[in-house]
Amino acid sequence: MRLQWMSKTLGIAALAGSLALSAQAEDPIRIGAVAPKTGPLAGGAAVTYWPNVQLWSTQVNDAGGLLLPDGSRRPVEIIEYDDRTDPSETIRAVQRLANNDKADLIIPPYGTGMALAAAPIFDRLGYPMLNVTAITDQTDALTDRYDGVFFTLGATTPIAQGIAKLAADMKADGKLGNRLALVNVADAFGIELAKAAKTVFEDEGFNIVYETSYPPTIQDVSPIINSAMDAEPDLFVAFSYPPDTFALTEQAQVAGLDDQVDLFYTAVANAFPAYRNRFGDSINGVYGVGGVNPENPAFVAYRQAHMDVTGQEPDYWASAVMYSSLQVMQQAIAAVGLDHDAIIDYVKNNEFDTVMGHWDFVDQQIDNYWTVGQWQGGQFYGLGSTQGMDGEAEPID
């Protein structure tokens, strides 16, 4: 009887231990995500950021979870915080994810200002930070200072050079005059881009006939458009965020500025499907920041998967970069596991296959990226990049 009891007890203990190990193996990997769901940048995050988090996590879990170096898989659990487009809220949310939620990894925030504010916190907490929606000329300084901070979407001056060089080529061909109206949203993104662009445009022989900045919370852009029209520019360039990209375009069409100028350019949200849906054929020939090759098979497949899972199209610029950054994280975890230092070292020293093509970080940055694009026949085509991307299109009149 004693032997029988011991056998049953040991059997129950072994089963319990097996179940415990099984449960432990299937514990979700907790991944934090911080971005606006309210505030001025909520609309942009709703297109570029949150749908790609949804798509990636759905695909990972449908495949059985994230692959780990030992061949096992664990599902992912996304812990979401709304930073309300407020850098102080971004910082608090990152700290909560690390200290309270014990997140294994944290997806960097949406927007240049939020990313710059959060970089020291990611570094202090030891989390890898694969930034996407951050454009700044501080990338070299930040990557020198912070071992685990990476950038994928580009730097300010090359982005500014993209539209300035294109405009200079048009001017040289006699298709464009030299009178420039230059406006920007007054946050880190817009201020940096306008400052860099002003220098590049002036070096290319352009005369800035109207220049202004405006707050991110601006409600009425008609004074800007009317003042620009009074200056009689040949080209209008706005380093804008989503709400003002839509507002500036709409007011330009109402006032007739879009017909007055030979080049009309806005920035973030220009490449959104909603921009095309709102303005239709009237934006054919309009220029914007970034781009993709919409005919690339990898992008076509990604676009279809994005629509199948999220019910909406990705944008034609940063969406695929956002998804690619999650692919990088996934491939690093498969190779080295969840150790933060190991992930950082792996990202620095390895190559990755992504929707955006072959990625190889140079000094913690992706150095080949789209800088300027144009709406052509209902799709947004990349026209220029830093080193020459596959599928660059020719501009149309």
In segment 260-291, the residues that are open to solvent by 10 Å² or more (accessible area, probe 1.4 Å) and either on the phi > 0 side of the Ramachandran plot or acidic (Asp, Glu) (or both):
Asp262, Gly280, Asp281, Gly285
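Got at least one residue in segment 292-313 being within 25 Å of Gly177 (Cα to Cα), surrounded by 22 or more Cβ atoms within 10 Å (Cβ to Cβ) and among the hydrophobic types (A, V, I, L, M, F, W, C)? Outline the logic, then answer.
Just the residues of segment 292-313 that are within 25 Å of Gly177 (Cα to Cα), to begin with: none.
The answer is no, given that none of the residues of segment 292-313 is within 25 Å of Gly177 (Cα to Cα), surrounded by 22 or more Cβ atoms within 10 Å (Cβ to Cβ) and among the hydrophobic types (A, V, I, L, M, F, W, C).
So which residues in segment 188-240 are in a loop (DSSP other than H, G, I, E, B) and either surrounded by fewer than 23 Cβ atoms within 10 Å (Cβ to Cβ) or β-branched (Val, Ile, Thr) (or both)? Step through it out loud before you land on a result.
Step one: list which residues in segment 188-240 are in a loop (DSSP other than H, G, I, E, B), which gives 204-206, 215-221, 231-234, 240.
Selection gives Glu204, Gly205, Pro215, Pro216, Thr217, Ile218, Gln219, Asp220, Val221, Ala231, Glu232, Asp234.
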I'd like to check something: does segment 140-159 contain any residue that is more than 28 Å from Leu41 (Cα to Cα) and buried (at least 19 other Cβ atoms within 10 Å of the Cβ)?
no
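So, Phe246, is that one within 22 Å of Leu41 (Cα to Cα), within 27 Å of the chain's Cα centre (by Cα) and either assigned to a helix (DSSP H, G or I) or without any contact (Cβ under 8 Å) to a residue 40 or more places away in the chain (or both) or not? Before the answer, list the steps.
Values: within 22 Å of Leu41 (Cα to Cα): yes; within 27 Å of the chain's Cα centre (by Cα): yes; either assigned to a helix (DSSP H, G or I) or without any contact (Cβ under 8 Å) to a residue 40 or more places away in the chain (or both): yes.
Judged against the criteria, Phe246 is a match.
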Contact list please: Cβ distance under 8 Å, first residue in segment 341-354 and modelled with pLDDT of 95 or more and part of a helix (DSSP H, G or I), second residue surrounded by 13 or more Cβ atoms within 10 Å (Cβ to Cβ) and among the aromatic types (Phe, Trp, Tyr), pairs at least six apart or on different chains.
Val347/Phe150; Val347/Phe361; Lys348/Phe361
All-but-one check, Asp345 against (1) surrounded by 20 or more Cβ atoms within 10 Å (Cβ to Cβ); (2) closer than 19 Å to Met129 by Cα; (3) not hydrophobic (A, V, I, L, M, F, W, C), failing number (1)
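Every residue, every condition in (1) over 30 Å from Gln219 (Cβ atoms); (2) of a type outside the set (Asp, Glu); (3) touching a Lys or Arg at 6+ places or on another chain (Cβ under 8 Å), yes or no:
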{"position": "Gly148", "(1), (2), (3)": "yes, yes, no"}
{"position": "Ala160", "(1), (2), (3)": "no, yes, no"}
{"position": "Lys171", "(1), (2), (3)": "yes, yes, no"}
{"position": "Gly177", "(1), (2), (3)": "yes, yes, yes"}
{"position": "Val183", "(1), (2), (3)": "no, yes, no"}
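Within segment 220-242, track down each residue that is closer than 23 Å to Gly43 by Cβ and modelled with pLDDT of 95 or more.
Quick first cut of segment 220-242, residues closer than 23 Å to Gly43 by Cβ only: 220-225, 236-242.
The answer is Asp220, Val221, Ser222, Pro223, Ile224, Ile225, Phe236, Val237, Ala238, Phe239, Ser240.
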Across segment 88-101, what is the number of residues that are open to solvent by 10 Å² or more (accessible area, probe 1.4 Å) and either closer than 18 Å to Met329 by Cα or not basic (Lys, Arg) (or both)?
8
When segment 364-382 is checked residue by residue, the ones that are surrounded by fewer than 23 Cβ atoms within 10 Å (Cβ to Cβ) and over 20 Å from Met322 (Cα atoms) are Gln376, Gly377, Gly378
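Could you check how many residues of segment 314-340 are of a type in the set (Asp, Glu) and either open to solvent by less than 10 Å² (accessible area, probe 1.4 Å) or part of a helix (DSSP H, G or I) (or both)?
Our first condition is that a residue be of a type in the set (Asp, Glu); within segment 314-340, this holds for 315, 339.
Applying the additional criterion that residues be either open to solvent by less than 10 Å² (accessible area, probe 1.4 Å) or part of a helix (DSSP H, G or I) (or both) yields 315.
Number satisfying all stated conditions: 1.
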What tally of residues in segment 102-120 results from selecting those that are open to solvent by 20 Å² or more (accessible area, probe 1.4 Å) and over 16 Å from Asp187 (Cα atoms)?
3
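The values are calculated or read from the model by the stated rules, or taken from the named source; none is laboratory data. Keep in mind it's a predicted model, so treat the numbers as computed, not measured. Methodologically, a virtual Cβ is constructed for each residue, glycine included, from the backbone with ideal geometry; neighbour enumeration extends over all protein chains shown. SASA here: full protein model, heavy atoms, side chains in, ligands and nucleic acids out. Shrake-Rupley method; radii C 1.70, N 1.55, O 1.52, S 1.80 Å.
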